[in-house]
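Visitor: I'd like to ask you about the structure that follows.
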Amino acid sequence: MSKKNIEITVRCLLFLCSIISLMILVGIGYFLFKNGFSAFIENGLGNFIFGKTWNISKNVYGVYPLILGSLFVTTGSIIVSAPIGISVAIFMTDIATSDIKKIIGPCIELMAGIPSIVFGLVGMIFLVPLIRENFSPPGYSLIAAIIVLIVMTMPTIITLSEDSLRSVPRQYKEASYALGATKWQTVWNVTLPAAKSGIIGAVILGMGRAIGEAMAVYMVIGNAFKIPNSLFDPSRTLTSNIVGQIEEAALNSQHMHALFACGIILLIFVFLFNGISFKMRKVV
């Protein structure tokens, strides 16, 4: 086979893989909307999104507390994990020696590969009792979910931010040093501005990971259907609501439709975060 034929074959295979990925995405969207869109009609779009009642026996479903719970845990985790993750990425690219990189690098990769249920288990066994005994009962709370998500989202932010920082041309740094700038001045005024589009994308993708997490959050958040008044109150997210009730929902019931509608809202949030990330990479 000639090189030209090999190249054509590879292009066709890559195109086929792209089409398969797109079809899977479209299929997931179709499945969710087919089973969940009727919940918007049965309850009314406004009542479903802004309603504060989730009553299975009366078939009344509103997800406003769930949306707030998801946004609270996502925002709370990103506020902490983003600065820490970016700082670690800067340390790994510009400060750490090769010996330190050999130790920290595999640890970060290991954290990224740990199943989410393991984080939830550690949070339930260690973190929840710690909060209950030292701060406020019951321990299952918004802050517990936030702490678990901080640990879970940091590897994503560190890895993607590190890739962006490493992609900054070395000539930029050399020019800065030649002008008499210190290492920190170079990092702050040259490296970070040059890599900020990738870093912003990393943070937004971390938000997508946080809002879509299910099992770990389900195990520590308390799953109380209410708007929390403090970080130590139990709450519920869209994902934990689906995980907790999907088994008891009857097929083709309004309850099942409402759970699928929660999935639609989650999908919209993920699309929104990814769209913002893509836009920021082009604009910044």
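Visitor: Restricting to Cα pairs below 8 Å that are 6+ residues apart, what does the relative contact order work out to for the stretch 168-284? Please round to a whole percent.
Guide: With pairs under 8 Å counted, the relative contact order is 30 percent.
Visitor: Which label marks the calculated value of log10 I(q)/I(0) by the Debye sum over Cα atoms at q = 0.08, 0.11 Å⁻¹, given the options (i) -0.40, -0.71; (ii) -0.32, -0.62; (iii) -0.45, -0.78?
Guide: (iii)
Visitor: Continuing with the same structure: Given the pairs Lys102/Lys279; Lys101/Lys196; Lys4/Lys279, which span a C-alpha to C-alpha distance of over 26 angstrom in this model?
Guide: Lys102/Lys279; Lys4/Lys279
Visitor: Next question. Among Phe48, Phe135, Phe260, whose mean-square fluctuation peaks in a Gaussian network model of the chain (Cα, cutoff 10 Å)?
Guide: With Cα springs under 10 Å in the chain, the top fluctuation among Phe48, Phe135, Phe260 is at Phe135.
Visitor: When only C-alpha pairs under 8 Å and at least 6 residues apart count, what is the relative contact order of the chain, in percent?
Guide: 27
Visitor: Another question, if that's okay. Which of the lysines could a cross-linker span from Lys226 if the Cα-Cα distance has to be under 21 Å and same-chain partners fewer than 8 positions apart are dropped?
Guide: Of all the lysines, those that pass the test against Lys226 - Cα under 21 Å, at least 8 places apart if same chain - are Lys52, Lys58.
Visitor: Karplus couplings for the stretch 88-97 from phi (6.51 cos²θ - 1.76 cosθ + 1.60, θ = phi - 60°), rounded to Hz, Gly and Pro as x?
Guide: For the stretch 88-97, the Karplus curve yields 5, 4, 5, 4, 5, 8, 10, 10, 5, 6 Hz.
Visitor: Right, here's the next one. Could you work out the local net charge near Pro115, counting Lys and Arg as +1, Asp and Glu as -1, over the other residues with Cβ closer than 14 Å to its Cβ?
Guide: Neighbourhood net charge equals 0.
Visitor: On a 0 to 90° scale, report how tilted helix 192-212 is relative to the longest principal axis of the chain, with both axes built from alpha carbons and the result rounded to the nearest 10.
Guide: 20
Each reported figure results from applying straightforward, stated rules to the coordinates on display, with no laboratory input. Keep in mind it's a predicted model, so treat the numbers as computed, not measured. Please note: Cβ atoms are built from the backbone with ideal geometry, for glycine as well, and neighbour counts cover all protein chains shown.
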